[in-house]
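Notes to accompany the following structure.
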Amino acid sequence: MSDTLSPLAVSRFLQANPDFFTAHSELFAALTVPHPNQSRAISLGERQIMILRDRQKDLEMRLAALSHQASFNESVANKLTSWCEILVAADDAQSVPGHIIAGLADVFELSDVTMRLWGLAVAPEGVGTAVDDDARQFAMSLSAPYCGPNKDFSVTSWLQAQPASLAMIPIRHGHADTAPTVGLLLLGSDNAERFTSDMGTTFLETIGRLASAAIGRLPMAT
């Protein structure tokens with residue numbers, strides 16, 4: 001009998017006979033189950049209502065999270081567009097690096113932004129400071145932007161102060177993926193949560209592509 005009336009057997013029977021409680025409605029109304037949070041019994045109908053309410057709350061929380069993320073993405077996209085407008089409006093190619101840095105700091109409200117470039121025919125003021133081979137090799141090793149805490153990277157010495165978190169984006173000469181790496185863009189923040197390792201890098205990759213395309217206006221050294 002214990003095998004016949006095991007919880008698994010009862011569960012399988014009810015699943016195989018969905019009309020059981022329709023045929024025995026008086027039994028459904030009479031059955032009670034323990035309250036999940038209190039030491040009293042409640043009817044199956046009341047328990048089902050509680051389950052549906054919990055599911056509704058869960059769905060509402062998920063919807064709120066999606067709405068918040070959508071608003072955040074829209075805000076970042078608008079800022080990215082504003083920054084792109086600054087680059088497009090630059091008349092002098094030599095001023096492009098400065099616009100990249102100042103535009104990012106202003107539009108994205110970053111406390112510290114800098115960039116170093118190399119291999120160009122003319123080194124723009126402020127970003128053409130000599131860079132050692134280790135920094136160049138590091139930039140070339142980045143297949144995607146780095147986003148996370150400051151792990152005592154030597155290149156952070158380019159920033160005004162050591163950041164709590166940062167993003168590092170390799171800069172190519174032009175928009176092609178096969179274009180040579182000619183620089184490294186650093187976005188620093190004193191907020192440890194501004195750039196975290198679990199953040200997506202889609203927008204950072206877009207910044208890198210746009211900055212690289214703009215830098216492509218500057219001729220390479222022969």
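Here are a few things to note about the model shown:
- Residues considered: A176, A221. Of these, the only one that is out of contact with any Leu (no Cβ under 8 Å at 6 or more places or on another chain) and at pLDDT below 95 is A176.
- Restricting attention to region 35-55 and to residues that are part of a helix (DSSP H, G or I) and open to solvent by 100 Å² or more (accessible area, probe 1.4 Å), the residue that is nearest to V107 (Cα to Cα) turns out to be R55.
- Of all residues making up region 139-158, the number that are under 13 Å from F195 (Cβ atoms) and out of contact with any helix residue (DSSP H, G or I) (no Cβ under 7 Å at 6 or more places or on another chain): 6
- For region 161-187, the set of residues classified as touching a His at 6+ places or on another chain (Cβ under 9 Å) and of a type in the set (A, V, I, L, M) consists of A179, V182, listed by residue number.
- Filtered residue count, region 152-188, keeping only those that are not hydroxyl-bearing (S, T, Y) and not in a strand (DSSP E or B): 17
- All positions within region 163-185 that are closer than 16 Å to F153 by Cβ and open to solvent by 10 Å² or more (accessible area, probe 1.4 Å): P163, A164, P170
- Check on W158, in contact with a Ser or Thr (Cβ under 7 Å, 6 or more places away or on another chain), open to solvent by 20 Å² or more (accessible area, probe 1.4 Å) and on the phi < 0 side of the Ramachandran plot: yes
- For L110: the one exception among (1) under 19 Å from M199 (Cα atoms); (2) assigned to a helix (DSSP H, G or I); (3) open to solvent by less than 90 Å² (accessible area, probe 1.4 Å): (2)
- Filtering region 84-107 to residues that are open to solvent by 20 Å² or more (accessible area, probe 1.4 Å) and either at positive phi or not small (G, A, S) (or both) leaves C84, E85, I86, V88, D91, D92, Q94, H99, I101, D106, V107.
The values are calculated or read from the model by the stated rules, or taken from the named source; none is laboratory data. The structure displayed is predicted, hence computed values, not measured ones. Note that each Cβ is placed from the backbone with ideal geometry, even for glycine, and that neighbours are counted across all protein chains shown. For the accessible areas, the whole protein counts, side chains as well, though only heavy atoms, and no ligand, DNA or RNA atoms are used. Shrake-Rupley method; radii C 1.70, N 1.55, O 1.52, S 1.80 Å.
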